[in-house]
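Enquirer: This is the structure I have questions about; it appears just below.
The values are calculated or read from the model by the stated rules, or taken from the named source; none is laboratory data. Since the structure is predicted, the reported quantities are computational estimates derived from the model, not experimental observations. Because the Cβ atoms are built from the backbone with ideal geometry, glycine has one as well, and the counts that use them run over all protein chains shown. Remember, those area values only see protein heavy atoms, side chains included, never the ligands or the DNA or RNA. Shrake-Rupley method; radii C 1.70, N 1.55, O 1.52, S 1.80 Å.
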Amino acid sequence: MTHPDYDHLQQAAKDHLWMHFTRHSSFDHADVPVIVRGEGPYIWDARGKRYLDGLAGLFVSQLGHGRTELAEAAAKQARELAFMPLWSYAHPRAIELAERVAGYAPGELNRVFFTSGGGEAVETAWKLAKNYFKLTGKPMKHKVISRSIAYHGTTQGALSITGLPGLKAPFEPLVPSTFRVPSTNFYRAPQHGDDLEAFGRWAADQIAVVIEDEGPETVAAVFLEPVQNAGGCFPPPPGYFQRVREICDEYDVLLVSDEVICAFGRLGHMFGAERYGYQPDIITCAKGITSGYAPLGAMIATERLMEPFLDGLNSFAHGFTFAGHPVSCAVAMANLDIFENEKVLENVRDNEGAFRSTLERLTDLPIVGDVRGDGYFYGIELVKDKETKATFDDDESERLLRGFLSKALYDEGLYCRADDRGDPVVQLAPPLICTQEHFDEIEQILRVVLDKAGTLL
Ligand SMILES: Cc1ncc(COP(=O)(O)O)c(C=O)c1O
């Protein structure tokens, strides 16, 4: 049934709502998609049409929609204590959640600094890295290394770390002192294209090359996602992170695992670092920690990094009003209870093989060049020519992704994203409660739409 206020919602959206990363002109002659409710892995628009949430909102809705336990946890906390900042005061939910998250995090990652979201966590990590080295006698260490095409957020520091020149250009000059190394895109490996491990070692070694070029005494941290999202899901080759760890130890550079997407079950573990067996100095996370029922992020640091701040007059002069909000922390606790009670991580681990093989059926389509990812996190790279791996030019990308794909997938009942920040990819990250019937639905819709897309070129 169409929402009773449909026409007003449309007009007010067009007149007043400034949407994020949105070309507003595309709604000059089209309706704004307005989503009004959700249940499990499905969402409904204001006309009453149902969609499979193939992106968990934005890599967020791990448990799916409509979980009343999470809504009730929020309401209970708002009644008990709606707000208290973490500026020299604490509240029980932040304390309990910090203890719990520290318990899940690998190794000595025992100190949890809450934020309101992912970008703030990335900002916090960079500021901590700089501040830590100033306090420990290496004041020149301030530079950051990250990977090309990687997305780390939109605030000026996080955007500086981001490796997407097009996204940064309108806001230059940004924060100086960031440097890029190659991603682990094996499909388009510039070296060792026939040997995954050798390629991974080469890609990791590029970090050492940049550290040497810049001077180890100036480099503070390297920011890497366990599986890089932008560009279309690049998992790490075997041994990649182990080599990165060695390099970081050799040059005293902090390894920051940006797990804003990859933590809290996306890869079948609480943290991606656990899945790939490496020990970061800092983890940044957000999104899935609450399954989206309230906003929250966190930076998790090792004991070593907090140590200088435990001394005398020292403090980390940094914070955000809403970070570690009591309602968000209460929701996160309830979310993690459900993770444990309903064995959500096990569900991902048990079903990820089926998800992969269902998506791999699509490789029979001429437009599908590569299907890659891990856990419930996949990218499907689209190509003009499968044999040569030739990709689309800007014009074709524009026609294919913006002009056709995103809308066609949505019209067929699949909410997900066609992205061309690197090579053109369809991104998939469904709620972690999904099973074979949902994988089949995703595959069937993609098959219809990608088949048609192939004929348009
Ligand atoms: C890896 C990574 N880091 C940081 C961010 C920024 O998070 P937020 O949008 O919550 O600021 C994102 C957002 O998608 C992300 O994927």
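Enquirer: In the stretch 392-414, is there at least one residue being outside any helix (DSSP H, G or I) and modelled with pLDDT under 95?
Expert: Checking the stretch 392-414: at least one residue is outside any helix (DSSP H, G or I) and modelled with pLDDT under 95.
Enquirer: Sticking with this one: Taking the condition of being of a type in the set (A, V, I, L, M, F, W, C) and within 16 Å of the ligand (Cβ to nearest atom), how many residues in the stretch 58-75 meet it?
Expert: The number of residues fulfilling the criteria is 3.
Enquirer: Contact list please: Cβ distance under 9 Å, first residue in the stretch 436-457 and open to solvent by 70 Å² or more (accessible area, probe 1.4 Å), second residue of a type in the set (Phe, Trp, Tyr), pairs at least six apart or on different chains.
Expert: These pairs meet every condition: LYS452/PHE404; LEU456/PHE404; LEU457/PHE392.
Enquirer: Would you please list the contacts, defined by Cβ atoms under 7 Å and residues six or more apart or on different chains, that run from a residue in the stretch 14-35 that is open to solvent by 70 Å² or more (accessible area, probe 1.4 Å) to a residue that is in a loop (DSSP other than H, G, I, E, B)?
Expert: LYS14/VAL32
Enquirer: Also, I was wondering about something else. Given the conditions (1) of a type in the set (Phe, Trp, Tyr); (2) in contact with a Phe, Trp or Tyr (Cβ under 9 Å, 6 or more places away or on another chain); (3) open to solvent by less than 10 Å² (accessible area, probe 1.4 Å), which single one is not true for PHE133?
Expert: All conditions are met except number (2).
Enquirer: Does ASP370 count as open to solvent by less than 40 Å² (accessible area, probe 1.4 Å), modelled with pLDDT of 95 or more and farther than 29 Å from ARG23 by Cα?
Expert: For ASP370, the condition - open to solvent by less than 40 Å² (accessible area, probe 1.4 Å), modelled with pLDDT of 95 or more and farther than 29 Å from ARG23 by Cα - is not met.
Enquirer: I would also like to ask the following. I want to confirm something. Restricting to the stretch 36-57 and keeping residues that are at negative phi, surrounded by fewer than 15 Cβ atoms within 10 Å (Cβ to Cβ) and not in a strand (DSSP E or B), which single residue is farthest from the ligand (Cβ to nearest atom)?
Expert: ARG47
Enquirer: Show the residue pairs that are 6+ apart or on different chains and have beta-carbon atoms under 7 Å apart, the first residue being within the stretch 386-409 and open to solvent by less than 20 Å² (accessible area, probe 1.4 Å), the second being among the basic types (Lys, Arg).
Expert: Hits for this filter: PHE392/LYS384; ALA408/LYS452.
Enquirer: Let me ask something additional. For the stretch 93-194, which helices (runs of 4 or more DSSP H) that fit wholly inside it have 1 or more residues that are away from the ligand (no atom under 15 Å from the Cβ) and without any contact (Cβ under 8 Å) to a residue 12 or more places away in the chain?
Expert: 118-135, 165-168
Enquirer: For GLY422, all conditions in the list (1) part of a loop (DSSP other than H, G, I, E, B); (2) modelled with pLDDT under 95; (3) within 18 Å of TYR51 (Cα to Cα); (4) not β-branched (Val, Ile, Thr) hold save one; what is the number of the exception?
Expert: Checking GLY422 against (1) part of a loop (DSSP other than H, G, I, E, B); (2) modelled with pLDDT under 95; (3) within 18 Å of TYR51 (Cα to Cα); (4) not β-branched (Val, Ile, Thr), the one that fails is (3).
Enquirer: Also: Restricting the first residue to the stretch 416-435 and requiring it to be over 30 Å from ILE338 (Cβ atoms), which pairs with a second residue that is of a type in the set (S, T, N, Q) and part of a loop (DSSP other than H, G, I, E, B) meet a Cβ separation below 8 Å and a spacing of at least six or different chains?
Expert: GLY422/ASN185; ASP423/THR391; PRO424/THR391
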